[in-house]
Amino acid sequence: MFFLSILMYRRGNRLLHARSCVAMTLQNGLPISGKDYSGSAHSKNSLRWDLTPAQIQEHTKELIQRVRQVYDTIGALDVGKVTIENTVKPLADVKLYYASSRHVLDFPQFISPFKDVRLASTEADKRLAEFDVELSMREDIFHRLIALQEKKVNGLLPETERFVKRLIKLGKRNGLHLSKDIQEEIKSISKMISELSIDFSSNINEENTFLFFTEEDLGGMAESYMASLDRLEDGRFKVTLAYPHYYPLMKRCYVPETRRKMEEAFHSRCKEENTPILEKLIELRAQMAKMLGFQTHADYVLEMNMAKTSSTVARFLDEFHEKLKPLGEQERKFILSLKQKECKRRGLDFDGQIHAWDMPYYMNQVEHVKFSVDKDKLIEYFPLEVVQEGLLGIYQDLLGLTFCQVEHAHVWHDGVSLYSVLDSTTGEEIGQFYLDLHPREGKYGHAACFGLQPGCQGPDGKRMVPVAAMVANFTKPSGSFPSLLQHHEVETFFHEFGHVMHELCSRTQYAEFSGTLVETDFVEVPSQMLENWVWEREPLHRMSRHYRDGSAIPDSLLDKLIVSRVANTGLMNLRQVVLSKVDQSLHTKPKADTAQEFAKHCQDILGIPATPGTNMTASFSHLAGGYDGQYYGYLWSEVYSMDIYFSRFRKEGIMNPKVGKEYRKVILETGGSRDGADMLKTFLGREAQQDAFFYCKGLTENRNGFL
């Protein structure tokens, strides 16, 4: 995963939109929102991050009991007497209660500094996932919703009607209209899928491989990088596979053998544990899709997306691949020529091939050779504190918000901060967010946004204040160096914080549609759209300052950076095509050899072999994190994100608050209460188009006046 900032959500019946809540208090021994499940949350309370393993276990049991009790009450209603008030409202209320209570229990597995807490949280996640399956298979609830729909109640709000239709649709997708025998089999398979998915993710989080290298082995690495490494008494350096160690080394180290060892280790992470898990998941998913009447698992999951079918996705990826092929071939030849020259200059044998461990190194050289981007100089202007200050300021100005850091906040680690978000016009608190930005042992290893409480209407009619956490792994300060970010890490920060804003600006009626609970191939649109700001002069000036003297980034350096956006466009996007096609291939078959499938697509599409003995898919967290059959959504979403950016913001002003507030209202506040295509049409004033997407990739000319 060279070229993406990862967002991992578990979607569908298991929502790891990690809905904990800042509004939780400990009431009757159970963390809940308000006085009972029918109460509303109030953000002045603080989230409990100090639960012991025993408390996590006990609270999980109590939460399950209380939610089950409400479902039992609804399920016992006389079918002929169901109403919106006695069926839909209590169902929505208990769903909100469950969503607002569960993730104080299952979120710590990703962020707790204590292994026993992480393990207890993982076990809680398994219990809750099993309970999710139980709730999704409640035939009694399903039949009462069908009966209610058949009454054709007049005057329903559009979102209420959408809510009822969705619940019935999900019931059918769980086989509740089929025979009891099939339902039991689906239930059993669903539970196995949930447990295996949790194990897959847990293995990645707990992975802690490291390698030792001499100073000579690390030739080419910057002083700030070397200062960040632990050094042994014998002089060797300890290098982990965490992002702040791995990616800079792969881009900068001129010793091929060092890069080879790192790349082999990185793409062998969890190979022994997760390969059989993933291959079992593929089989189980295929079995369940067949039972539910779908040809493949991909077709099953895509039914709920914008794309609808695997054939549509295949056509989209094939067309994009064809457009990119000539550019990719051209870039590959140039990289090979760079390798030949370097081998001659350093006295190394030239084997005439590009290996997986060559790619990031020579792609980094392309930026330097073709665009004169000095990465060593550039990083000095992006200290994390300055980037964060500028980024928060940009989001505030653009969306009409005010961020205030909460003093003495109760957090899970002393490196975590909490902010309150206010509407800059009304002063209303609209949400809160946590920032957890540095790596530590056992912590989630990528960059992600976790929604911790829905932004929707509570049972008392008041809006519940949403909460989210951004979890990342940026380089820690070390010695005389602060945390310095590569430009691509600045882009990652902007991307993930875009998801945070999607969560916090949400104003839906139901938790079912809150924040990022949109079609999976639309969920990346808001965050990808906002990535564009890190390629524009004004925002870059606001987010940069030299870490030593506070001087502004020189225009000459900035201009070269901005122009370099098209560097390696072909190969980077072909890499995304590879991952998308691997995902589709795995989920359109009844079983698969995952390592072989990845190697085949790497060779066929990139023309670069996977390193023998590795299996990248064993650490491809999306495949067990809710993107199974849907990874194409990153490229699909980018079509729409670029249309929004070039057609509205670039034309009307990238810091235009009028456009920003309209975007907040139409796209962010709406959540999943409308289809993505409808939101796009409202904001753009027309159907979405692909022109801006291909233009920004350098594949077409600017015929529509984007600039």
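Give me a count of the residues in region 560-571 that are in contact with a helix residue (DSSP H, G or I) (Cβ under 8 Å, 6 or more places away or on another chain) and open to solvent by 20 Å² or more (accessible area, probe 1.4 Å).
4
Suppose we filter region 179-196 for residues that are in contact with a Gly (Cβ under 9 Å, 6 or more places away or on another chain) and either surrounded by fewer than 16 Cβ atoms within 10 Å (Cβ to Cβ) or more than 30 Å from Leu145 (Cα to Cα) (or both); how many remain?
Residues meeting the conditions: 1.
Among the residues of region 60-98, write down those that are open to solvent by 60 Å² or more (accessible area, probe 1.4 Å), free of Cβ contacts under 8 Å to residues at least 24 places away in the same chain and not charged (D, E, K, R).
Gln65, Gln69, Thr73
Considering only region 264-278, I want to know if a residue exists there that is over 27 Å from Asp583 (Cα atoms) and either of a type in the set (Ser, Thr, Tyr) or modelled with pLDDT of 95 or more (or both).
no
Kindly indicate whether any position in region 508-521 is open to solvent by 30 Å² or more (accessible area, probe 1.4 Å), in a helix (DSSP H, G or I) and either touching a strand residue (DSSP E or B) at 6+ places or on another chain (Cβ under 8 Å) or free of Cβ contacts under 8 Å to residues at least 40 places away in the same chain (or both).
Checked against the condition, which is being open to solvent by 30 Å² or more (accessible area, probe 1.4 Å), in a helix (DSSP H, G or I) and either touching a strand residue (DSSP E or B) at 6+ places or on another chain (Cβ under 8 Å) or free of Cβ contacts under 8 Å to residues at least 40 places away in the same chain (or both), region 508-521 yields no hits at all.
Of the conditions (1) part of a helix (DSSP H, G or I); (2) open to solvent by less than 30 Å² (accessible area, probe 1.4 Å), Tyr640 fails just one. Which one is it?
For Tyr640, the exception is condition (2).
Could you tell me whether Met529 is more than 30 Å from Lys325 (Cβ to Cβ) and either modelled with pLDDT of 95 or more or open to solvent by less than 30 Å² (accessible area, probe 1.4 Å) (or both)?
No: the conditions fail for Met529.
Open to solvent by 10 Å² or more (accessible area, probe 1.4 Å) and touching a residue at least 40 places away in the same chain (Cβ under 8 Å): does that describe Arg537?
Criteria not met by Arg537.
Considering only residues that are open to solvent by less than 10 Å² (accessible area, probe 1.4 Å) and more than 17 Å from Ala448 (Cα to Cα), look in region 614-629 and name the one that is farthest from the chain's Cα centre (by Cα).
Asn615
For region 448-482, which positions are in a loop (DSSP other than H, G, I, E, B) and open to solvent by less than 10 Å² (accessible area, probe 1.4 Å)?
Pro454, Gly455, Gly458, Met464, Pro466, Ala472, Phe474 - these are the residues of region 448-482 that are in a loop (DSSP other than H, G, I, E, B) and open to solvent by less than 10 Å² (accessible area, probe 1.4 Å).
For region 643-656, give me the residue count where each residue is open to solvent by 20 Å² or more (accessible area, probe 1.4 Å) and either within 30 Å of Lys126 (Cα to Cα) or acidic (Asp, Glu) (or both).
So the count comes out to 1.
Could you please give the count of residues in region 300-317 that are part of a helix (DSSP H, G or I), in contact (Cβ under 8 Å) with a residue 24 or more places away in the chain and surrounded by fewer than 22 Cβ atoms within 10 Å (Cβ to Cβ)?
Qualifying residue count for the region: 3.
When Leu63 is evaluated against the numbered criteria (1) closer than 30 Å to Val416 by Cα; (2) within 26 Å of the chain's Cα centre (by Cα); (3) part of a helix (DSSP H, G or I), which criterion, by number, is the only one it fails?
(2)
The values are calculated or read from the model by the stated rules, or taken from the named source; none is laboratory data. Keep in mind it's a predicted model, so treat the numbers as computed, not measured. Glycine gets a Cβ as well: all are built from the backbone with ideal geometry, and neighbour counts include every protein chain shown. Just so you know, the surface numbers come from the protein's heavy atoms only, side chains and all, with ligands and any DNA or RNA stripped out. Shrake-Rupley method; radii C 1.70, N 1.55, O 1.52, S 1.80 Å.
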